[in-house]
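Scroll down for the structure; my scribbles are underneath it.
The values are calculated or read from the model by the stated rules, or taken from the named source; none is laboratory data. On a predicted model such as this, the values are computed, not experimentally measured, just so you know. Every residue, glycine as well, gets a Cβ built from its backbone with ideal geometry; the counts of neighbours run over all protein chains shown. Quick note on the areas: whole protein, heavy atoms, side chains included, nothing else; ligands and nucleic acids left out. Shrake-Rupley method; radii C 1.70, N 1.55, O 1.52, S 1.80 Å.
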Amino acid sequence: MTTSTATATADRPPQEQHKETDTQEGPLQRIRLRFPLAVYICKRFVISLFLVFGVTLVTFVLTNLVPANPVNAILGEQEANDPEAVARMEAKLGLDKPLWEQYWLYLVRLVHGDLGTSFLTKQPVMDDLKRVLPATLELGGFVFIITILLGVLLGLYSALKHRKFADQLLRVLSLGGVSVPTFWLGALAYYWLFYELGLFPGSGRLDSRLTPPPMVTGMYTIDSLIAGDFTTFGNAVWHLCLPALVLATACLSSLMRFVRSSVLESMNQDYVLAAKAKGLPAHKVVFGYILRGAAVPILNRTGLLFAGLITGSVLTESIFAWNGLGQYAFKATMALDLNGILGVGIVIGVIYIFVNFIVDIITGLVDQRVSLQ
């Protein structure tokens, strides 16, 4: 009986078999099969929400585990010896409550966009972050564009010249770039290129004689272009060059080495060898097969690179007095500004999660196998 049923099913046209399979599957399964990319994006979005919650929890717990007492830093040495003054300040800051209650109240405020008040600046942390984040985005975006353009091209060229002089030279230079400490390179660039040679300005985002353009995005280069002030635009780009050179050195070297290894791996794939055997032009093989095959890992790497540029420029911003997120985080840490530290930690976590979410979507668009899996 079972054999005859299976034989009858096998004898049916494929269309009828497919319809029968659809009726046997649940509605969620049919949606997943018909719209794999949309389901993939929704899954990644839900996962990102849980990750944001995890970032707030981990950041809050780790910040409160710091052995130093922020109340002493706020009151000063004399008032910190007064138990009543300490008790009043702890009650004012909510530090006298249990840790779980502090976290719950923090989450409630966070949902309403309130990150608390900075002990250091006496301003809302959200306002401080709105003020300093555009400077870091401007610097990181400038470095990111340079790194992507040069890193991909040099990495691709190095792979195509495998084991030749150009490849060996680029490998040595990239190894030196990733080996040099950022703080040492920043100090060296500041001394020689600014102090000794005077090729670049030493610190700040603009010359003191210039006033910032009307604020639209907070990025001086973009805002000056919107205002049509090309003098301020040129000066803002000039101030960007030296810190961008320091940041780009390590990032460019790292990306170039990664692109080289990814391209070399892609060059040995069967579809590339088949394309060469067909006699296709070299540029079609390189851009249509080799680089396309290496696109997904390179895309993932560039996403992490951008997030790292935004969140990892503390030393560079401190050396060049770049009033961005990194310098704000450094000052908040030195002053034991818990609200400021929490705000920076959450912003950094959200940036990483958001960048990874965007990279996942682009990866799903570029490689449909990811969304199907």
Exercise. Taking the Cβ of T117 as the centre, find all other residues whose Cβ is under 11 Å away and add up their charges (Lys, Arg: +1; Asp, Glu: -1).
Key: -1
Practice problem: Send over the semi-axes of segment 143-201's equivalent ellipsoid, whole angstrom and largest first, taken as the square roots of 5 times the C-alpha gyration tensor eigenvalues. | Solution: 28, 14, 10
Quiz item: Under a plain spin-label model, where a point goes 7 Å from the Cα along Cα-to-Cβ, how far apart in nm are V111 and F287?
Solution: 5.1 nm
Quiz prompt | Cut-off under 5 Å, modelled amide H: who pairs with T117 long-range | solution = V125
Practice problem: Anything over 22 Å Cα to Cα? Flag those among K92/K130; K164/K278; K97/K331; K130/K331; K161/K284, in the order listed. | Solution: K92/K130; K164/K278; K97/K331
Quiz item: Which of the trypsin sites (Lys or Arg not before Pro) found in segment 253-301 are loop residues per DSSP with 11 or fewer other Cβ atoms within 10 Å of their Cβ?
Solution: K278
Quiz item: How many Å² of accessible area per residue for segment 211-336, probe 1.4 Å?
Solution: 47 Å²
Exercise. Please give the per residue accessible area of segment 126-187, computed with a probe of 1.4 Å over protein heavy atoms only, in Å².
Key: 54 Å²
Self-check item: Surface share of carbon and sulfur [accessible, 1.4 angstrom probe, percent] for segment 164-250
Solution: 70 percent
